[in-house]
Amino acid sequence: MDRIGVVDTMFARVDMGSIAERRLAGMEGFGARFKVVRRTVPGFKDLAVAARQLIERENCEVVIACGMPGGAELDQVCAHEAAQGIMLAQVLTGKHILEVFVHAQEEPDPARLTELCRHRVGSHALNAYWLLYAPEELRKRAGQGIRQGGPDAGPLPG
Ligand code: RDL
Ligand code: RDL
Ligand code: RDL
């Protein structure tokens, strides 16, 4: 059976990994064609190595890496570093690790931040599934200004 990895953090103020797990559990082939392997690490700087381990030790085909950069300026610098680690892990393993970051400063209202999280994590869970099983779904949407967590920007005219 294929494996899809989900890793999230204790730092995040929303249980992002469970949102991804629930979304994947609703997709065709769950439990038959693929299963989900879940890990949680302290914070987003710990995501890259956990994702690499999910790929190399747990044989995951794709990983969804969820994190929440805090609101401080320092957290933005750290987010950039954490993102570079995730990219390095992708290049080293040759597998997709979808970085799902929801920045605390994107939305000051807590209820709306939770909603943004649900939407972004759910959308990237679907993207991971498509990368693995339905790349034509991504191809159909090329150049369409698709976003995760907010409204789509849409295509430019012409
Ligand atoms: O490796 C242990 C920690 O350094 C690691 O868990 C960090 O990701 C924790 N962390 C910070 O140290 C920080 O300054 C986090 C943030 N900011 C942050 O904004 N979001 C995190 N972790 O998930
Ligand atoms: O791995 C999943 C996503 O992290 C990845 O697809 C990103 O490239 C998506 N993305 C951002 O997260 C972002 O903050 C993009 C942009 N900005 C951007 O400006 N252009 C993109 N993607 O193509
Ligand atoms: O235009 C508004 C947003 O799309 C823009 O601010 C993005 O940069 C927000 N964003 C992130 O900050 C991020 O870390 C996005 C993603 N990840 C993402 O994966 N997909 C997005 N936006 O559409």
Original post:
Which of the trypsin sites (Lys or Arg not before Pro) found in the range 1-82 are in a DSSP loop and have at most 16 neighbouring Cβ atoms, other than their own, within 10 Å?
Top reply: R13, R33, R57
**OP:** Give a residue-ordered list of calculated ³J(HN,Hα) values for the range 16-23 (Karplus: 6.51 cos²θ - 1.76 cosθ + 1.60, θ = phi - 60°; whole Hz; x for Gly, Pro).
**Re:** 5, x, 5, 5, 5, 4, 5, 5
Original post:
Just how large is the dipole of the range 1-78 about the Cα centre, in debye to the nearest 20, putting +1 at every Lys and Arg Cβ and -1 at every Asp and Glu Cβ?
Top reply: 220
**OP:** Give me the number: length gained by fully extending A104 to A142, i.e. 0.36 nm times residue separation minus the C-alpha to C-alpha distance, one decimal in nm.
**Re:** 10.8 nm
Subject >> Difference of contour (0.36 nm per residue) and Cα-Cα distance, F30 to R3 >> reply: 8.7 nm
Original post:
Cα gyration tensor of the range 52-142, axes a ≥ b ≥ c as square roots of the eigenvalues: rounded (a/c below 1.5), prolate (a/b > b/c) or oblate?
Top reply: oblate
Subject >> Dipole magnitude of the range 68-157 about its Cα centre (Cβ charges: Lys, Arg +1; Asp, Glu -1), debye to nearest 20 >> reply: 440
Original post:
Of the residues H80, H119, H103, which exhibits the maximal mean-square fluctuation in a Gaussian network model of the chain defined by a 10 Å Cα contact cut-off?
Top reply: H80
**OP:** For the range 110-118, take each phi angle, set θ = phi - 60°, evaluate the Karplus expression 6.51 cos²θ - 1.76 cosθ + 1.60, and give the result in whole Hz per residue in order, putting x for glycine and proline.
**Re:** x, 5, 6, 5, 4, 5, 4, 4, 4
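For H119 and E56, what is the calculated FRET efficiency with R₀ set at 25 Å and r taken between the beta-carbons, to the nearest 0.05?
Values: r = 31 Å, r/R0 = 1.22.
E(calc), rounded to 0.05, equals 0.25.
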Original post:
Residues with amide H under 5 Å of G5's amide H, sequence separation 5 or more or different chain, H placed in the peptide plane at 1.01 Å from N; which?
Top reply: V37, E61, V62, V63, I64
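What full-extension length gain, to one decimal in nm, is calculated for S18 and A72 as 0.36 nm per residue of separation minus the Cα-Cα distance?
Working: separation 54, 0.36 × 54 = 19.44 nm, distance 2.56 nm.
Working it through step by step, the gained length comes to 16.9 nm.
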Original post:
For the chain, modelled as a Gaussian network with Cα springs under 10 Å, which listed residue fluctuates most, C78, C60, C117?
Top reply: C78
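Where a number appears in this text, it was derived from the coordinates with a stated rule and is not lab data. As the structure is a computational prediction, the values presented were derived from the model and not from experiment. Positions of Cβ are backbone-derived with ideal geometry, glycine not excepted, and every protein chain shown enters the neighbour counts.
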